[in-house]
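The values are calculated or read from the model by the stated rules, or taken from the named source; none is laboratory data. Given the structure is predicted, the values throughout are model-derived calculations rather than measurements. Reconstructed Cβ throughout: ideal geometry from the backbone, glycine too, with neighbour counts over all protein chains shown.
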Amino acid sequence: MEEKQHSRRPTLWQLIMSILGAAFGVQSERTRQRDFQHGHPVAYIVAGLIFTVLFISILLGIVAYVLD
């Protein structure tokens, strides 16, 4: 059953968790293998870019708030 679950594309939630795990360096080997075997590179690139823009925007917002 577990093998069957890892044979299909990652869900949106799994994609988000993979992006977060990769960004903070805590992604497991099992997740990395699933992403490389069953994921689509474009989805990870787009999600990574969105995460990066959001992360930088949040940091800039925090800095602007603290400096005011």
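The table for this structure:
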read-out	value
Flag if SER57 is modelled with pLDDT of 90 or more, out of contact with any helix residue (DSSP H, G or I) (no Cβ under 6 Å at 6 or more places or on another chain) and hydroxyl-bearing (Ser, Thr, Tyr)	yes
Residues of the range 33-61 that turn out to be over 16 Å from the mean Cα position of the chain (by Cα) and either farther than 18 Å from LEU20 by Cβ or not in a helix (DSSP H, G or I) (or both), as a count	2
Within the range 20-29, considering residues that are without any contact (Cβ under 8 Å) to a residue 12 or more places away in the chain and in a helix (DSSP H, G or I), the one nearest to the chain's Cα centre (by Cα)	GLY21
